[in-house]
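The values are calculated or read from the model by the stated rules, or taken from the named source; none is laboratory data. Only a predicted model underlies this, so the values are computations on that prediction, with no experimental measurement involved. With ideal geometry, Cβ positions are generated from the backbone for all residues, glycine too; neighbour counts draw on all protein chains shown.
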Amino acid sequence: MLVAGKAFLVSDVLDEVFDKVTGSRIFRNRDILSPDYIPDRLPHRENEIRRLGSIVAQALKGSRPNNVFIYGLTGTGKTAVTLYVLRRLVARARDLGVDVVYAYVNTRQRDTPYRVLADIASAVGLRVPFTGLSTAEVYARLVRALSRRSGVLIVVLDEVDWLVRRRGDDLLYKLTRIGYELPRNAMKVSIIGITNDVKFVEMLDARVRSSLGEEELVFPPYNAQQLRDILWERAVEAFYPGVVDDAVISYCAALAAREHGDARRALDLLRVAGEIAEREGAERVTVEHVRAAWAQLERDRVYEVVSTLPLHARLTLLAIIAKVRERGVATTGEVYDAYAKLAEAVGVERVTQRRVSDIINELDMLGIINARVVSRGRYGKTRIISLSVDADTVLEALRSDPRLEELAALLRRGGRRLLQA
């Protein structure tokens, strides 16, 4: 009876949870606030849509469009605009009887050349086994498949910097030059590369840069008013009438504008605020719900980013926290000295100071730290490093690595012995 009673109590709890969601008058269509949702209209991106559309429109005549390199900060609409334009392009091509297809590959998720090629092959109807072939064989099969088909294939490589940083730019070079391996009447291939890193092109081999960068588009960040317009358009469809008001939308827009005009962040914020209101059984979304959503998203973002960092980046971050807690800020040299001691403590060979400097740049780009260059007169320039996020959240994420668990725990307790051991 006790077990049955417990089961009954659990059942009651679940019924209560399910009833809150199914009986909620908060969301009418929650999916509209998803970053993956492509609406019928993209406010404040008309110029970018027109520019990209004019480039890829050559495909409607059976010609290969120029390769395009698109860059801008996270959440500036790069992926949404690209997919919006390509879907419209394919629909128009179908009406004209022209064979135009596109392959969208997020290289952060499909992070090996094999998987990237497999996804591209799938777009032209070529099935590739999940494993078992060499990358060279998959590429050769793709070339043969393109040789047997006419039309235009547009390959979108989203977050292309992620692939190049880890695997080099050999695949990118091959894809930008694939036309030279195809007969004249074969399917033509155009590449669209998308990145959040505005300095990424500087990393590429000169040959890749010249091939990929035939056309370049820069997406500026949204301002608070533009984010407000975007949120209102989505909110009208996502929520029931009267659930959100101008104060909530404006607050979400203002917070996201502070984060470099990130529309994805603004949509996540509004969605999570609605979910919190729904779980509470509230009838409306309030500014307090937005504040709670901001705190939750910030914790989740920091934890996710730190948890996926390579070991030496984690050690560098641990060194930064140690020095910042000791002195308030840190210089690159101080961070490297601390990093070297930590690397020795966990028994790994340390990397060079230049590599740690690159890691600091990457952490700065991720928004985990702030690294600003200051002049020291005749002593040259140095970077002053400070944390941009909650240190305890970072340390909690670092503790998930068994190699760093003890060091992170010691630092979280405020131990000054960390770098003296």
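Miscellaneous remarks
- Positions within the range 172-223 being farther than 22 Å from Thr76 by Cα and touching a residue at least 60 places away in the same chain (Cβ under 8 Å), in sequence order: Thr176, Gly179, Met187, Lys188, Val189, Ser190, Ser211
- Residue list for the range 191-228, restricted to those being buried (at least 16 other Cβ atoms within 10 Å of the Cβ), at pLDDT 90 or above and not β-branched (Val, Ile, Thr): Gly193, Leu217, Phe219, Pro221, Tyr222, Ala224, Gln226, Leu227, Arg228
- Selected residue (criterion: nearest to Leu157 (Cα to Cα)) from residues of the range 94-129 that are aliphatic (A, V, I, L, M) and outside any helix (DSSP H, G or I): Val105
- In a residue-by-residue description of the range 292-302, the property of being more than 24 Å from the chain's Cα centre (by Cα), of a type in the set (Val, Ile, Thr) and modelled with pLDDT of 85 or more applies to no position.
- Test: residue in the range 24-32 that is among the small types (Gly, Ala, Ser), loosely packed, with under 11 Cβ neighbours inside 10 Å and modelled with pLDDT under 90: no
- Failed item, numbered, when Arg417 is tested on (1) at pLDDT below 80; (2) under 29 Å from Glu298 (Cα atoms); (3) not in a strand (DSSP E or B): (2)
- Candidates are the residues of the range 85-108 that are surrounded by fewer than 21 Cβ atoms within 10 Å (Cβ to Cβ) and within 30 Å of Asp229 (Cβ to Cβ); the one that is modelled with the lowest pLDDT is Arg108.
Yes/no matrix, rows are residues, columns are (1) among the aromatic types (Phe, Trp, Tyr); (2) farther than 19 Å from Leu212 by Cβ:
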| residue | (1), (2) |
| --- | --- |
| Tyr139 | yes, no |
| Ala145 | no, yes |
| Ile154 | no, no |
| Leu157 | no, no |
| Val160 | no, no |
| Val164 | no, no |
| Asp170 | no, no |
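- The range 67-84, residues that are modelled with pLDDT of 95 or more and under 18 Å from Val189 (Cα atoms): Thr82, Leu83
- Where helices (runs of 4 or more DSSP H) fall entirely within the range 228-318, those with at least 2 residues that are under 30 Å from Thr352 (Cβ atoms) are at 287-307.
- Restricting Gly125, Gly151 to those that are in contact (Cβ under 8 Å) with a residue 12 or more places away in the chain, of a type outside the set (Lys, Arg) and exposed (fewer than 13 other Cβ atoms within 10 Å of the Cβ) reduces the list to Gly125.
Here is a yes/no grid of residues against (1) more than 14 Å from Leu366 (Cβ to Cβ); (2) buried (at least 20 other Cβ atoms within 10 Å of the Cβ):
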site: Leu269; (1), (2): yes, yes
site: Gly274; (1), (2): yes, yes
site: Glu280; (1), (2): yes, no
site: Glu283; (1), (2): yes, no
site: His289; (1), (2): yes, yes
site: Thr308; (1), (2): no, no
site: Leu311; (1), (2): yes, no
site: Arg314; (1), (2): no, yes
site: Ala319; (1), (2): yes, yes
